[in-house]
1. Which members of segment 76-102 meet the condition of being under 16 Å from Thr143 (Cβ atoms), surrounded by 14 or more Cβ atoms within 10 Å (Cβ to Cβ) and touching a strand residue (DSSP E or B) at 6+ places or on another chain (Cβ under 7 Å)?
2. Asp141 passes all but one of (1) acidic (Asp, Glu); (2) part of a loop (DSSP other than H, G, I, E, B); (3) buried (at least 17 other Cβ atoms within 10 Å of the Cβ); which number fails?
3. Please count how many residues of segment 119-129 are buried (at least 21 other Cβ atoms within 10 Å of the Cβ) and either assigned to a strand (DSSP E or B) or modelled with pLDDT under 95 (or both).
4. Report the residue count in segment 148-178 for those that are over 21 Å from Glu115 (Cβ atoms), part of a loop (DSSP other than H, G, I, E, B) and touching a helix residue (DSSP H, G or I) at 6+ places or on another chain (Cβ under 9 Å).
5. Give just the number: which of (1) touching a Leu at 6+ places or on another chain (Cβ under 8 Å); (2) touching a residue at least 60 places away in the same chain (Cβ under 8 Å) does Asp53 not satisfy?
6. Does any residue of segment 27-48 turn out to be exposed (fewer than 13 other Cβ atoms within 10 Å of the Cβ), closer than 26 Å to Ala173 by Cα and in contact (Cβ under 8 Å) with a residue 40 or more places away in the chain?
7. Can you name every residue in segment 1-17 that is outside any helix (DSSP H, G or I) and either at positive phi or surrounded by fewer than 14 Cβ atoms within 10 Å (Cβ to Cβ) (or both)?
Amino acid sequence: MNTLADIRTRIREWRRAQSPAHVRRTSLLIAGRCIDAGWLDGAARIAAYLPNDGEVDTTALFEYLRERGRTAFIPLLRKHTLWFGPYVGPAALRPNRYGIPEPAIDGRMITDARELDLVFVPLVAFDPRGHRLGMGGGYYDRTFAFRLAEPARASPRLIGLAFEGQKVERLEARPWDVPLDTAVTEAGIYHFPGRGSASP
(Lines give C-alpha, C1' and ligand atoms only; values in the text may rest on other atoms or scores of the structure.)
Protein backbone atom coordinates (compact mmCIF):
# COMPACT_ATOMS: atom_id res chain seq x y z
CA MET A 1 0.00 0.00 0.00
CA ASN A 2 1.33 3.43 -0.92
CA THR A 3 1.89 5.75 2.01
CA LEU A 4 0.87 9.40 1.82
CA ALA A 5 4.55 10.27 1.44
CA ASP A 6 4.83 7.87 -1.51
CA ILE A 7 1.76 9.38 -3.17
CA ARG A 8 3.04 12.89 -2.57
CA THR A 9 6.42 12.10 -4.14
CA ARG A 10 4.90 10.32 -7.14
CA ILE A 11 2.31 12.98 -7.94
CA ARG A 12 4.74 15.87 -7.49
CA GLU A 13 7.15 14.19 -9.90
CA TRP A 14 4.32 13.63 -12.38
CA ARG A 15 3.16 17.22 -12.03
CA ARG A 16 6.61 18.71 -12.56
CA ALA A 17 7.04 16.52 -15.67
CA GLN A 18 4.12 18.22 -17.46
CA SER A 19 5.17 20.65 -20.20
CA PRO A 20 4.60 24.39 -19.60
CA ALA A 21 2.31 24.48 -22.65
CA HIS A 22 0.19 21.63 -21.27
CA VAL A 23 -0.02 23.29 -17.84
CA ARG A 24 -1.12 26.62 -19.38
CA ARG A 25 -3.71 25.02 -21.65
CA THR A 26 -5.14 22.74 -18.98
CA SER A 27 -5.15 25.48 -16.33
CA LEU A 28 -7.23 27.66 -18.66
CA LEU A 29 -9.76 24.84 -19.03
CA ILE A 30 -9.96 24.47 -15.25
CA ALA A 31 -10.34 28.24 -14.73
CA GLY A 32 -13.07 28.28 -17.38
CA ARG A 33 -15.01 25.62 -15.49
CA CYS A 34 -14.78 27.70 -12.30
CA ILE A 35 -15.95 30.86 -14.08
CA ASP A 36 -18.79 29.08 -15.89
CA ALA A 37 -19.98 27.61 -12.58
CA GLY A 38 -20.70 31.16 -11.39
CA TRP A 39 -18.69 30.86 -8.20
CA LEU A 40 -16.64 34.00 -8.78
CA ASP A 41 -19.74 36.11 -9.38
CA GLY A 42 -21.64 34.65 -6.45
CA ALA A 43 -19.01 35.14 -3.70
CA ALA A 44 -17.91 38.43 -2.16
CA ARG A 45 -14.49 37.59 -0.70
CA ILE A 46 -12.47 35.15 -2.80
CA ALA A 47 -8.99 33.79 -2.13
CA ALA A 48 -6.71 31.77 -4.36
CA TYR A 49 -3.07 30.73 -4.34
CA LEU A 50 -0.18 31.72 -6.59
CA PRO A 51 1.01 28.57 -8.39
CA ASN A 52 4.19 26.81 -7.30
CA ASP A 53 5.80 23.42 -7.99
CA GLY A 54 3.69 22.68 -11.08
CA GLU A 55 0.31 23.51 -9.52
CA VAL A 56 -2.70 24.55 -11.59
CA ASP A 57 -2.15 28.14 -12.74
CA THR A 58 -4.69 30.56 -11.24
CA THR A 59 -3.76 33.59 -13.36
CA ALA A 60 -7.01 33.52 -15.35
CA LEU A 61 -9.07 33.60 -12.14
CA PHE A 62 -7.21 36.66 -10.87
CA GLU A 63 -7.61 38.35 -14.27
CA TYR A 64 -11.34 37.63 -14.34
CA LEU A 65 -11.79 39.32 -10.97
CA ARG A 66 -9.50 42.25 -11.80
CA GLU A 67 -11.37 42.95 -15.05
CA ARG A 68 -14.51 43.33 -12.94
CA GLY A 69 -12.87 45.70 -10.50
CA ARG A 70 -12.66 43.14 -7.72
CA THR A 71 -9.76 42.25 -5.44
CA ALA A 72 -8.79 38.67 -4.72
CA PHE A 73 -6.89 37.52 -1.65
CA ILE A 74 -3.82 35.30 -1.48
CA PRO A 75 -2.26 33.44 1.48
CA LEU A 76 0.25 34.92 3.89
CA LEU A 77 2.24 32.64 6.15
CA ARG A 78 1.96 33.67 9.81
CA LYS A 79 3.66 31.25 12.20
CA HIS A 80 1.77 27.97 11.73
CA THR A 81 -1.36 29.14 9.89
CA LEU A 82 -2.37 31.19 6.89
CA TRP A 83 -3.92 34.61 6.79
CA PHE A 84 -4.93 36.35 3.58
CA GLY A 85 -4.00 39.66 1.99
CA PRO A 86 -5.18 41.55 -1.09
CA TYR A 87 -3.46 40.66 -4.34
CA VAL A 88 -2.77 43.76 -6.41
CA GLY A 89 -0.14 42.31 -8.74
CA PRO A 90 3.36 40.79 -8.76
CA ALA A 91 5.11 44.08 -7.99
CA ALA A 92 3.59 44.14 -4.50
CA LEU A 93 4.88 40.70 -3.45
CA ARG A 94 7.76 39.38 -1.38
CA PRO A 95 8.91 35.77 -0.83
CA ASN A 96 8.04 34.00 2.41
CA ARG A 97 10.39 31.57 4.12
CA TYR A 98 9.58 28.90 1.52
CA GLY A 99 10.27 31.29 -1.34
CA ILE A 100 6.56 31.56 -2.24
CA PRO A 101 5.41 35.11 -3.02
CA GLU A 102 2.93 36.75 -0.69
CA PRO A 103 1.58 40.31 -0.29
CA ALA A 104 4.01 42.86 1.14
CA ILE A 105 1.48 44.49 3.46
CA ASP A 106 1.21 45.40 7.11
CA GLY A 107 -0.92 43.60 9.67
CA ARG A 108 -3.84 46.01 9.36
CA MET A 109 -4.63 44.71 5.87
CA ILE A 110 -4.69 40.97 6.54
CA THR A 111 -7.90 38.95 6.56
CA ASP A 112 -8.83 35.99 8.74
CA ALA A 113 -9.84 32.79 6.92
CA ARG A 114 -13.26 32.93 8.61
CA GLU A 115 -14.05 36.14 6.72
CA LEU A 116 -13.67 34.53 3.30
CA ASP A 117 -16.55 33.16 1.22
CA LEU A 118 -14.64 31.03 -1.29
CA VAL A 119 -11.10 29.66 -1.35
CA PHE A 120 -9.41 27.99 -4.32
CA VAL A 121 -7.04 25.53 -2.66
CA PRO A 122 -3.85 23.98 -4.07
CA LEU A 123 -3.26 20.27 -3.61
CA VAL A 124 -0.97 17.41 -4.50
CA ALA A 125 -3.73 14.75 -4.67
CA PHE A 126 -7.41 14.24 -3.91
CA ASP A 127 -9.74 11.27 -3.77
CA PRO A 128 -13.46 10.65 -4.51
CA ARG A 129 -14.40 11.37 -0.89
CA GLY A 130 -12.96 14.88 -0.98
CA HIS A 131 -9.84 14.13 1.03
CA ARG A 132 -6.93 16.36 0.08
CA LEU A 133 -3.20 15.69 0.23
CA GLY A 134 -1.08 18.82 0.41
CA MET A 135 2.63 19.49 0.50
CA GLY A 136 2.94 18.18 4.05
CA GLY A 137 3.19 21.39 6.07
CA GLY A 138 -0.40 21.24 7.35
CA TYR A 139 -1.02 24.96 6.87
CA TYR A 140 -4.38 24.66 5.13
CA ASP A 141 -5.64 22.06 7.62
CA ARG A 142 -4.67 24.24 10.58
CA THR A 143 -6.07 27.37 8.98
CA PHE A 144 -9.46 25.83 8.20
CA ALA A 145 -9.73 23.57 11.26
CA PHE A 146 -12.78 25.56 12.33
CA ARG A 147 -14.66 23.80 9.52
CA LEU A 148 -14.23 20.53 11.45
CA ALA A 149 -15.33 22.09 14.73
CA GLU A 150 -18.35 23.72 13.05
CA PRO A 151 -19.63 21.09 10.57
CA ALA A 152 -22.74 23.10 9.70
CA ARG A 153 -20.69 26.10 8.67
CA ALA A 154 -21.05 26.69 4.91
CA SER A 155 -18.22 29.14 4.42
CA PRO A 156 -15.68 29.49 3.19
CA ARG A 157 -16.31 27.00 0.42
CA LEU A 158 -13.09 25.08 -0.26
CA ILE A 159 -12.51 24.26 -3.92
CA GLY A 160 -9.43 22.25 -4.82
CA LEU A 161 -7.82 22.86 -8.22
CA ALA A 162 -5.97 19.92 -9.76
CA PHE A 163 -5.11 18.16 -12.96
CA GLU A 164 -7.03 14.93 -13.53
CA GLY A 165 -3.77 13.02 -13.06
CA GLN A 166 -3.77 14.11 -9.42
CA LYS A 167 -6.95 12.18 -8.62
CA VAL A 168 -6.20 8.96 -6.73
CA GLU A 169 -8.39 6.05 -5.67
CA ARG A 170 -8.11 6.62 -1.94
CA LEU A 171 -6.25 8.77 0.58
CA GLU A 172 -5.96 7.77 4.21
CA ALA A 173 -7.88 10.38 6.19
CA ARG A 174 -6.44 11.69 9.42
CA PRO A 175 -8.51 13.34 12.18
CA TRP A 176 -7.15 16.80 11.43
CA ASP A 177 -7.66 16.67 7.66
CA VAL A 178 -10.12 19.29 6.42
CA PRO A 179 -11.99 17.91 3.39
CA LEU A 180 -12.74 19.80 0.22
CA ASP A 181 -16.26 20.79 -0.74
CA THR A 182 -15.44 20.53 -4.43
CA ALA A 183 -12.54 19.77 -6.76
CA VAL A 184 -12.15 20.96 -10.34
CA THR A 185 -9.98 19.35 -13.01
CA GLU A 186 -9.92 19.58 -16.78
CA ALA A 187 -12.22 16.53 -16.83
CA GLY A 188 -14.99 17.94 -14.69
CA ILE A 189 -16.28 19.24 -11.37
CA TYR A 190 -16.40 16.86 -8.40
CA HIS A 191 -18.77 17.51 -5.48
CA PHE A 192 -18.08 15.25 -2.55
CA PRO A 193 -20.29 13.00 -0.36
CA GLY A 194 -22.58 15.08 1.79
CA ARG A 195 -21.99 18.07 -0.47
CA GLY A 196 -23.31 16.93 -3.82
CA SER A 197 -22.48 14.31 -6.44
CA ALA A 198 -19.52 13.78 -8.75
CA SER A 199 -20.00 15.18 -12.24
CA PRO A 200 -16.89 14.58 -14.35
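1. Leu76, Leu77, Leu82, Trp83, Phe84, Gly85, Glu102
2. Among (1) acidic (Asp, Glu); (2) part of a loop (DSSP other than H, G, I, E, B); (3) buried (at least 17 other Cβ atoms within 10 Å of the Cβ), Asp141 violates only (2).
3. The number of residues fulfilling the criteria is 5.
4. Within segment 148-178, residues that are over 21 Å from Glu115 (Cβ atoms), part of a loop (DSSP other than H, G, I, E, B) and touching a helix residue (DSSP H, G or I) at 6+ places or on another chain (Cβ under 9 Å) number 9.
5. Tallying (1) touching a Leu at 6+ places or on another chain (Cβ under 8 Å); (2) touching a residue at least 60 places away in the same chain (Cβ under 8 Å), Asp53 fails exactly one: (1).
6. No, the conditions are met nowhere in segment 27-48.
7. Matches in segment 1-17: Met1, Thr3, Ala17.
The values are calculated or read from the model by the stated rules, or taken from the named source; none is laboratory data. Treat the numbers as computed from the prediction; the structure is a model and nothing was measured. Virtual Cβ from ideal backbone geometry, glycine too; neighbours counted across all protein chains shown.
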